[in-house]
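Reading through the structure tokens given below for one structure.
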Amino acid sequence: ENCLCRKPKAGLIEITKKLVPQLKAKGANIIVVIAHAGSVQETPSSPHVGEIIDYARNLPKGLVDVIISAHTHRKVETFVNEIPVIQASCNTSHLGKIELFLDEKSKTILKEKTKLELIELFSNEEGKPSKIKKSPSFLKN
């Protein structure tokens, strides 16, 4: 019912504009969109492009706090329209970590402190079995 997983051409922006005020009226302070719409970056110096980037670019500022994307099987850690956008590649090779800091008075995200990190969990060299490369410290006891 409240799944925001349609492509922008199917009205994702309009659905978001309709649902976010309803969620905030019910007490939501942070709005996280999880969408099966992705992004690609041809070279490390080129900009990200794709459905999720177009979606983020066209949202009103402040409507959404975080976007977790999927679909293109690429690594994405960028900011679009002041929204952190992360996608952790594919096949559990990476873990996406987002650090958000909430201003307790205004109940808003402190955008300047937001951090994105893609942690490589498995090396997957062609022709070799996957090996655990790193266990993130925050997953340990």
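Mark the label point 7 Å from the Cα of Lys26 along Cα→Cβ and return the residues of the stretch 37-80 whose backbone N is within less than 20 Å of it. 63-68, by backbone N distance to the label point. The residues packed around Asn81, meaning those with a beta-carbon under 12 Å from its beta-carbon, carry a net charge of 0 if Lys and Arg are +1 and Asp and Glu are -1.
Multiplying the residue separation of Glu120 and Ser46 by 0.36 nm and subtracting their alpha-carbon distance yields 24.5 nm.
Please sort 20-33, 54-67 by packing, taking for each peptide the average over its residues of neighbouring beta carbons within 10 angstrom, highest first.
Ranking, from highest mean packing down: 54-67, 20-33.
If you roll a 1.4 Å probe over the stretch 53-102 with all protein chains in place, what percent of the accessible area is carbon or sulfur? Carbon-and-sulfur percentage of accessible area, whole number: 50.
Spin-label model, Glu99 to Lys111: label points 7 Å out along the Cα-to-beta-carbon direction sit 2.0 nm apart.
The values are calculated or read from the model by the stated rules, or taken from the named source; none is laboratory data. Just so it is clear, the structure is predicted and the values come from calculations on it, not from any experiment. Heads up, the Cβs are rebuilt from the backbone with ideal geometry, glycines too, and the neighbour counts pull from every protein chain shown. Quick note on the areas: whole protein, heavy atoms, side chains included, nothing else; ligands and nucleic acids left out. Shrake-Rupley method; radii C 1.70, N 1.55, O 1.52, S 1.80 Å.
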